[in-house]
Amino acid sequence: KGNHWGYGQENGPDVWHKNYPVALGSRQSPIDIPRQVSHDPSLGPIVLDYDHCTSINISNNGHSVVVYFDDTDDRSVIHGGPLENPYRLKQFHFHWGGKGCDGSEHTVAGNSYASELHLVHWNAVKYKSFDHAAAAPDGLAVVGIFLETGDDHRWLHTITDAMYMVKYKGSVTDFKGFNPKCLLPSSLHYWTYLGSLTTPPLHESVTWILLKDPIAVSEKQLGKFRLLQFTGEEEDQRSRMENNFRPPQPLKGRRIRSSN
Ligand SMILES: N/C(=N\S(N)(=O)=O)N1CCCC1
Ligand SMILES: [Zn+2]
């Protein structure tokens, strides 16, 4: 087993470029969102059509906790905003910090949030599979939602309650009938820019749509994320899954646009 990428001292974001040279590319994510962003009146609202969405399962892939969706048809798509096609929901996952530490990937005027939720979509109009789309400059669209600590989130507990079933890397369990619309903040105002996957293979294929308003989750709920392990059940060294975020990358002249 080679030195697989991770978030540790030896295999973390600072050395990913050794196996994934695109890590030093010109449209890497995440980034810091500056205080002043140019407002683009031509940017319409983002529309999330998740009414017939079908979650399949929840799993621990050794880097995050992931909920997968049936993406064999257009039943859960996002469209509008900066997007020229509808993009199909494939999965969502989270990035978070350690106890009392922030763990979002994008930052806003240098400030981090406790966690960040990513809803990953792919352009099934132009590409025949997720993997093909993931390698194309307009292949993916990821909606990012910031999580800040506050009151308990009414619907997040369905996800945190399932986490004890996927504690170890490689575990998966049924997770049907979950609609991520319940995780959206009240406003869909957003920032958008062209970037990349924030984990290897770091493909520069993502149109990022970051919602400005965070959702509130309790410290207790966030604590359940940290019960997950990076390692498999059979591995002797245990390692708590936390701080699974890549820090902001150079903007390299990119334009960030703001919806109204
Ligand atoms: N890095 C990723 N998403 S993210 N963190 O950029 O939203 N992914 C890797 C494979 C599928 C999604
Ligand atoms: Zn992510």
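In a shell of Cβ-Cβ distance under 12 Å around His79, excluding His79 itself, what net charge do Lys and Arg (+1) and Asp and Glu (-1) give? Each step should come with its number before you reach the end.
Values: positive: Arg88; negative: Asp49, Asp74, Glu84.
In short, -2.
Expressed as a rounded percentage, what relative contact order does the chain have, with Cα pairs under 8 Å and six or more residues apart?
27 percent
Taking only protein heavy atoms and a 1.4 Å probe, what accessible area per residue, in Å², does the chain have with all protein chains in place? Intermediate values should be presented prior to the final figure.
Values: 12060 Å² over 260 residues.
Here the per-residue accessible area is 46 Å².
Defining a contact as two alpha carbons under 8 Å apart and six or more residues distant in sequence, what relative contact order in percent does the stretch 151-254 show? Walk me through the numbers on the way to the answer.
Working: 122 pairs, mean separation 32.2, N = 104.
Contact order relative to length: 31 percent.
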Cα gyration tensor shape for the stretch 127-249, rounded if a/c is under 1.5, else prolate or oblate | oblate
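Please say if the chain is rounded, prolate or oblate, where rounded means a/c under 1.5 for a ≥ b ≥ c the square roots of the C-alpha gyration tensor eigenvalues, and otherwise the choice is prolate for a/b larger than b/c and oblate otherwise?
rounded
How many percent of the accessible area of the chain is carbon or sulfur, using a 1.4 Å probe?
Numbers: 6160 of 12060 Å².
Within the chain, the accessible surface is 51 percent carbon and sulfur.
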For the chain, modelled as a Gaussian network with Cα springs under 10 Å, which listed residue fluctuates most, Glu219, Glu242, Glu84?
-> Glu84
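Let me spell out the model: positive unit charges on the Cβ of Lys and Arg, negative unit charges on the Cβ of Asp and Glu, origin at the Cα centre of the chain. What dipole size does that give, in debye rounded to 20? List each step's numbers first, then the result.
On the way: 26 positive and 29 negative charges, 82 e Å.
It works out to roughly 400 debye.
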Kindly identify the stretch 11-82 as rounded, prolate or oblate by the Cα gyration tensor criterion: order the square roots of the eigenvalues as a ≥ b ≥ c, call it rounded if a/c is under 1.5, otherwise compare a/b with b/c, prolate if a/b is larger, else oblate.
-> oblate
Using r as the Cβ-Cβ distance of Leu227 and Thr158, and R0 as 22 Å, what FRET efficiency do you calculate, to the nearest 0.05?
-> 0.90
Mean separation of Cα contacts under 8 Å, 6 or more apart, over the residue count of the stretch 202-251: relative contact order % = 23 percent
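Can you compute the helix-only [θ] at 222 nm over the chain? Use -39500 (n - 2.57) per DSSP H run of at least 4 residues, normalise by all residues, nearest 500 deg cm²/dmol. Walk me through the numbers on the way to the answer.
Working: 4 runs with 23 residues, N = 260.
Per the formula, -2000 deg cm²/dmol.
Going by average Cβ density within 10 Å per residue, which order do the peptides 31-38, 68-75 take, highest to lowest? Walk me through the numbers before you get to the answer.
On the way: 31-38: 14.5, 68-75: 16.6.
Listed from highest to lowest mean packing, they are 68-75, 31-38.
The values are calculated or read from the model by the stated rules, or taken from the named source; none is laboratory data. From a predicted model like this one, the values you see are computed outputs, not experimental measurements. Cβ atoms come from the backbone with ideal geometry, glycine included; neighbour counts cover every protein chain shown. These accessible areas exclude ligands, DNA and RNA; they are computed on the full protein's heavy atoms, side chains included. Shrake-Rupley method; radii C 1.70, N 1.55, O 1.52, S 1.80 Å.
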